[in-house]
Amino acid sequence: MLMTSKLVIYNTLTRQKERFEPIHAPHVGMYVCGPTVYGDPHLGHARPAITFDVLFRYLRHLGYKVRYVRNITDVGHLEHDADEGEDKIAKKARLEQLEPMEVAQYYTNRYHQYMDALGVLRPSIEPHASGHIIEQQQLVRQIIDNGFAYESNGSVYFDIEAYNKRYHYGILSGRTLENIKDASREGLDGVGEKRSQADFALWKKASPEHIMRWPSPWSDGFPGWHCECTAMGRKYLGEQFDIHGGGLDLVFPHHECEIAQATAAMGHPAVKYWMHNNMLTINGQKMGKSYNNFITLEQFFTGQHPLLEKAYSPMTIRFFILSAHYRGTVDFSNEALVAAERGLEKLTNALSDLGRLQPAQACDAETEHVVKSLRQRCYDAMNDDLATPLLISLLFEGCTVVNRIADHKGTICPDCLKELSEVMHLFAEDILGLQTTAAQGASSQKREEAFARVVDMVLDLRAKAKAAKDWATSDQIRDALAAAGFEVKDTKDGVTWKLNK
């Protein structure tokens with residue numbers, strides 16, 4: 001059953017929360033900007049992937065038929081997000097003496113590998129920019145024909161002055177045309193080709209050394225970075241669709257340019273709701289490749305980075321990201337990750353213990369109060385712009401109930417036990433996407449490691465007793481271990497032990 005009237009999301013375009021009402025319910029079209037594949041995915045890539053994965057999961061749970069498109073940028077994204085410079089993927093290929101598509105494929109595979117580990121569902125369609133050159137050329141031709149772009153020396157630029165006479169460039173970011181002009185004059189990109197420094201590239205003529213190029217009516221070249229999302233969004237979701245998502249750093253210029261392109265080509269905007277997740281920071285600075293302060297997901301999972309005190313599991317990273325609201329800034333620290341690890345373990349243990357609880361004839365008053373209101377409060381949290389931190393705190397209330405019952409400090413009737421189990425598993429696993437069985441495995445491994453350290457410590461005490469010729473204590477420790485099921489052997493190479501099954 002659809003809950004159309006209850007879900008509220010923050011629309012960056014209107015700067016307010018709005019009720020989610022799809023254009024063609026029950027169908028929902030959602031486009032999210034994916035990675036530029038020239039390096040290993042880092043924590044900054046994980047946040048939008050997880051944020052919009054939760055939205056994807058929740059919309060489907062509510063009964064919507066979602067077509068989720070997330071692109072792969074494998075051409076046209078120049079250094080520093082500018083209109084001049086080297087293609088990021090081509091540069092990587094040149095440095096590593098590979099074909100550009102070899103680089104793109106390798107890092108696309110790596111991206112999939114780590115997103116899978118984080119429990120991120122694959123999108124419905126994952127189009128590549130290089131596979132949609134024709135669609136991007138068609139978009140550029142429409143914009144030229146409508147009088148909002150011009151050719152210059154084989155390149156094509158969007159004419160912001162002409163566009164702004166009829167529409168409003170800056171509607172998403174809140175910038176004025178004069179602000180944009182002043183900022184662009186500082187960079188002076190494309191001097192001599194543009195009518196205004198604020199104009200952006202729709203098609204770039206390739207320099208002789210540029211590897212990635214395609215024939216076009218204007219030159220052998222490549223599409224501007226902003227074109228791909230407008231062209232592919234229209235191809236797979238239609239001229240108007242519901243949601244466009246991405247990181248807050250894409251609001252300007254990327255998403256602002258997308259709005260302008262779509263409006264210039266079709267006479268109307270394409271997107272109803274614009275959603276943006278906030279940044280991840282390290283010591284207050286945005287995490288990213290361009291800042292050279294990023295930590296790759298592989299480094300998080302192995303602990304191999306100077307800023308990391310230990311390795312963290314994929315589900316710990318997912319829990320860490322969901323512990324903050326998607327529109328809030330999250331600052332990296334080992335302390336925050338340790339807290340996330342403990343929170344995940346608390347939730348995982350409670351979900352495991354649910355299956356071992358013994359119901360009673362009736363609930364105690366506190367248990368009944370929490371359980372009977374928990375489902376609706378969890379929905380209220382998700383319906384309020386995906387308030388995942390509040391949802392997690394509500395699931396912790398469920399954990400408290402489980403622990404009380406397990407400690408024989410409360411009672412729960414069969415109906416309430418069934419309801420509690422359904423709600424906890426639904427929101428923790430199906431909607432938040434926390435793979436608790438994997439977390440249980442990590443937790444079990446952690447317990448086994450701690451268990452082994454305790455046994456080794458006891459055997460060390462026995463060794464010290466033997467060295468002191470305290471045979472009584474030595475035998476006492478050995479016999480106690482044997483009674484607990486441990487087989488201890490003294491060999492010429494030292495003491496060995498195993499737990500008999």
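The values are calculated or read from the model by the stated rules, or taken from the named source; none is laboratory data. These numbers come from a predicted model, not from an experiment. Cβ atoms come from the backbone with ideal geometry, glycine included; neighbour counts cover every protein chain shown. To get the accessible areas, we keep the full protein, side chains included, count just its heavy atoms, and leave off ligands, DNA and RNA. Shrake-Rupley method; radii C 1.70, N 1.55, O 1.52, S 1.80 Å.
Across the range 60-90, the qualifying residues are those that are open to solvent by less than 10 Å² (accessible area, probe 1.4 Å) and of a type in the set (D, E, K, R), and the one among them that is modelled with the lowest pLDDT is Asp87. Across the range 135-186, the number of residues qualifying as outside any loop (DSSP other than H, G, I, E, B) and not acidic (Asp, Glu) comes to 29.
Filter the range 387-443 down to residues that are among the small types (Gly, Ala, Ser) and surrounded by fewer than 16 Cβ atoms within 10 Å (Cβ to Cβ) and give me whichever is modelled with the highest pLDDT.
Within the range 387-443, the first condition is being among the small types (Gly, Ala, Ser), and the residues that meet it are 387, 393, 398, 406, 410, 421, 428, 433, 438-439, 441-443.
Narrowing the set further to residues that are surrounded by fewer than 16 Cβ atoms within 10 Å (Cβ to Cβ) leaves 393, 438, 441.
Values: Ser393: 98, Ala438: 45, Gly441: 51.
Filtering the range 387-443 for residues that are among the small types (Gly, Ala, Ser) and surrounded by fewer than 16 Cβ atoms within 10 Å (Cβ to Cβ), the one modelled with the highest pLDDT comes out as Ser393.
Taking every residue in the range 395-414 that is over 15 Å from Ser373 (Cα atoms) and pairing it with any residue that is aliphatic (A, V, I, L, M), at least 6 positions away or on another chain, the pairs with Cβ-Cβ distances below 6 Å are Val402/Ala350; Val402/Leu354; Ile405/Leu357; Ile405/Ile412; Thr411/Ala360; Cys413/Ala362. For first residues located in the range 174-199 and of a type outside the set (Ser, Thr, Tyr) and modelled with pLDDT of 65 or more, partners that are surrounded by fewer than 20 Cβ atoms within 10 Å (Cβ to Cβ) and in a helix (DSSP H, G or I) and lie 6+ apart or on another chain with Cβ distances below 6 Å form the pairs Leu177/Asn164; Gln197/Arg185; Ala198/Lys181.
Spot the failing condition for Arg110; the list is (1) in a helix (DSSP H, G or I); (2) out of contact with any Asp or Glu (no Cβ under 7 Å at 6 or more places or on another chain), and only one is missed. Result: Arg110 passes all but (2).
Close contacts from the range 49-78, counting a first residue that is in contact (Cβ under 8 Å) with a residue 60 or more places away in the chain and within 17 Å of Leu250 (Cβ to Cβ) and a second that is among the hydroxyl-bearing types (Ser, Thr, Tyr) and buried (at least 22 other Cβ atoms within 10 Å of the Cβ), with Cβ to Cβ under 6 Å and a gap of 6+ residues or different chains, come to Thr51/Tyr326; Val69/Tyr31; Thr73/Thr36; His77/Thr36.
Here Leu172, Leu177 are screened, and the one residue that is under 22 Å from Leu250 (Cα atoms) and open to solvent by less than 10 Å² (accessible area, probe 1.4 Å) is Leu172.
For the range 1-34, which residues satisfy the criterion of being under 26 Å from Ser130 (Cβ atoms) and surrounded by fewer than 24 Cβ atoms within 10 Å (Cβ to Cβ)?
Across the range 1-34, the qualifying residue is only Cys33.
Listed here are the strands (runs of 3 or more DSSP E) enclosed by the range 1-93 that have at least 3 residues being more than 21 Å from Thr388 (Cα to Cα): 27-32, 65-70. Go through the residues of the range 204-214 one by one and say whether even a single one is over 23 Å from Ala93 (Cβ atoms), touching a strand residue (DSSP E or B) at 6+ places or on another chain (Cβ under 9 Å), aromatic (Phe, Trp, Tyr) and surrounded by fewer than 23 Cβ atoms within 10 Å (Cβ to Cβ). No, every residue in the range 204-214 fails to be over 23 Å from Ala93 (Cβ atoms), touching a strand residue (DSSP E or B) at 6+ places or on another chain (Cβ under 9 Å), aromatic (Phe, Trp, Tyr) and surrounded by fewer than 23 Cβ atoms within 10 Å (Cβ to Cβ).
Whenever a residue of the range 116-137 is open to solvent by less than 50 Å² (accessible area, probe 1.4 Å), its partners that are of a type in the set (Phe, Trp, Tyr), lying with C-beta atoms within less than 6 angstrom and at least six residues away or across chains, give the pairs Pro123/Tyr68; Ile125/Tyr236; Ile133/Trp214. Tell me, please, whether a residue that is of a type in the set (Val, Ile, Thr) and modelled with pLDDT of 95 or more can be found in the range 277-294. Within the range 277-294 (the criterion being of a type in the set (Val, Ile, Thr) and modelled with pLDDT of 95 or more), the answer is no, since none of the residues qualifies.
Pull out all pairs, ordered by first then second residue, where Cβ-Cβ is under 7 Å, the residues are six or more apart or on different chains, the first lies in the range 14-29 and is closer than 14 Å to Gln240 by Cβ, and the second is at pLDDT below 95 and part of a loop (DSSP other than H, G, I, E, B). Note: pairs meeting the criteria are Glu21/Thr4; Ala25/Leu2; Ala25/Thr4. Every condition in (1) of a type in the set (A, V, I, L, M); (2) closer than 30 Å to Leu43 by Cα; (3) open to solvent by 10 Å² or more (accessible area, probe 1.4 Å); (4) in contact with a strand residue (DSSP E or B) (Cβ under 6 Å, 6 or more places away or on another chain) holds for Ala149 except the one numbered (2). Pull out all pairs, ordered by first then second residue, where Cβ-Cβ is under 9 Å, the residues are six or more apart or on different chains, the first lies in the range 290-301 and is touching a residue at least 12 places away in the same chain (Cβ under 8 Å), and the second is of a type in the set (Phe, Trp, Tyr). The qualifying pairs are Ile295/Phe332; Thr296/Tyr114; Leu297/Tyr114; Glu298/Tyr114; Phe300/Tyr312; Phe301/Tyr114; Phe301/Tyr312.
Arg57 meets the conditions (1) at pLDDT 95 or above; (2) farther than 18 Å from Ala129 by Cβ; (3) of a type outside the set (Ser, Thr, Tyr); (4) touching a strand residue (DSSP E or B) at 6+ places or on another chain (Cβ under 8 Å) in every case but one. The failed one is (4).
Mind checking which pairs have a first residue in the range 317-334 that is modelled with pLDDT of 95 or more and a second that is among the hydroxyl-bearing types (Ser, Thr, Tyr), Cβ under 7 Å, 6 or more apart or different chains? Going by the 7 Å Cβ cut-off, the qualifying pairs are Leu322/Thr388; His325/Thr388; Tyr326/Thr51; Arg327/Tyr10.
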